[in-house]
């Protein structure tokens, strides 16, 4: 049997697949990685069973400096139209929102940084990926921009007090996560070193090596099963949102 193939769009070398790649490899998913600063994005999604879009330091609409962002937004829009399972993280979530009619802006309350909680919304109880998550899962935040307005018809799945649009679904199977689930402590420490002004908005212990190591163990406990469910969605083993495993006969 041929392994499902995912297109992985990586805007920045500073935010690799890391743990997310390990978890998907363990699921038998084939990963086709495109480093967007060095390689052109594919023209179509033909031959792919899903899409991942990672984060980066640029803004979702910084097309002048990064003209390939327009290609990424087009691919994400096509993924929604084709109902391909899609997981878009941080900048990726902002690109997904912008590609499907939402609005992204600089966060008016400043950076959201550190090991924090998000809270599931009621609608998440009926979502195939979010239903089994804890009510307030731990996440890693490191962003300055926000999804200000969700795309028309999108469902809000998780929120935080500072920026409400933390996780959302567009269509049946395209998910945007404003936070990170893919990181390692080393990646987070690198971000803090590169952007000390944003890092200063977090509590100091949030960039302690031991604290981050423990936090990432907690992340894995919560988010690896989430990625397992995403892999099931990619393989067609889990019905997307709004679909049932069984169809009643028409009368």
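Residue 108 - would you say it is exposed (fewer than 15 other Cβ atoms within 10 Å of the Cβ), in contact with a helix residue (DSSP H, G or I) (Cβ under 9 Å, 6 or more places away or on another chain) and over 19 Å from residue 41 (Cβ atoms)?
no
Tell me, yes or no, whether region 36-46 has at least one residue that is under 21 Å from residue 154 (Cα atoms) and within 18 Å of the chain's Cα centre (by Cα). Talk me through it step by step, then tell me what you get.
Initially, region 36-46 is screened for residues under 21 Å from residue 154 (Cα atoms), giving none.
Within region 36-46, not a single residue is under 21 Å from residue 154 (Cα atoms) and within 18 Å of the chain's Cα centre (by Cα).
Does region 199-206 contain at least one residue that is at pLDDT 95 or above and either closer than 25 Å to residue 9 by Cα or part of a strand (DSSP E or B) (or both)?
Looking through region 199-206, none of the residues is at pLDDT 95 or above and either closer than 25 Å to residue 9 by Cα or part of a strand (DSSP E or B) (or both).
Residue check: is residue 192 part of a strand (DSSP E or B), touching a strand residue (DSSP E or B) at 6+ places or on another chain (Cβ under 9 Å) and crowded, with 17+ Cβ neighbours inside 10 Å?
Values: part of a strand (DSSP E or B): no; touching a strand residue (DSSP E or B) at 6+ places or on another chain (Cβ under 9 Å): yes; crowded, with 17+ Cβ neighbours inside 10 Å: yes.
So residue 192 fails the test.
Is there any pair linking a residue in region 1-18 that is on the phi > 0 side of the Ramachandran plot and at pLDDT 95 or above to one that is part of a loop (DSSP other than H, G, I, E, B) and crowded, with 22+ Cβ neighbours inside 10 Å, with Cβ under 9 Å and at least six apart or on different chains, and which?
Here the result reads 18/182; 18/183, each pair linking region 1-18 to a residue that is part of a loop (DSSP other than H, G, I, E, B) and crowded, with 22+ Cβ neighbours inside 10 Å.
Out of 59, 47, which single residue is in a loop (DSSP other than H, G, I, E, B) and surrounded by 15 or more Cβ atoms within 10 Å (Cβ to Cβ)?
The conditions single out 59.
Among the residues of region 142-165 satisfying the criterion of being in contact with a strand residue (DSSP E or B) (Cβ under 6 Å, 6 or more places away or on another chain) and not in a strand (DSSP E or B), which is surrounded by the most Cβ atoms within 10 Å (Cβ to Cβ)?
Among those residues, the one meeting the criterion is 165.
If residue 168 satisfies all but one of (1) more than 21 Å from residue 19 (Cα to Cα); (2) in contact (Cβ under 8 Å) with a residue 60 or more places away in the chain; (3) assigned to a loop (DSSP other than H, G, I, E, B); (4) touching a strand residue (DSSP E or B) at 6+ places or on another chain (Cβ under 6 Å), what's the number of the condition it fails?
(3)
Under the condition of being part of a loop (DSSP other than H, G, I, E, B) and in contact with a helix residue (DSSP H, G or I) (Cβ under 7 Å, 6 or more places away or on another chain), which residue from region 63-90 is nearest to residue 111 (Cα to Cα)?
Within region 63-90, the match that is nearest to residue 111 (Cα to Cα) is 63.
Would you pick out the residues in region 20-41 that are assigned to a loop (DSSP other than H, G, I, E, B), over 18 Å from residue 232 (Cα atoms) and touching a helix residue (DSSP H, G or I) at 6+ places or on another chain (Cβ under 9 Å)?
36, 40, 41
Filter region 171-185 down to residues that are in contact (Cβ under 8 Å) with a residue 60 or more places away in the chain and either surrounded by fewer than 18 Cβ atoms within 10 Å (Cβ to Cβ) or farther than 15 Å from residue 127 by Cβ (or both), then give me how many there are.
8
The values are calculated or read from the model by the stated rules, or taken from the named source; none is laboratory data. Model, not experiment: these values are computed from the prediction. Using ideal geometry, Cβ is built from the backbone for each residue, glycine included, and neighbour counts are taken over all protein chains shown.
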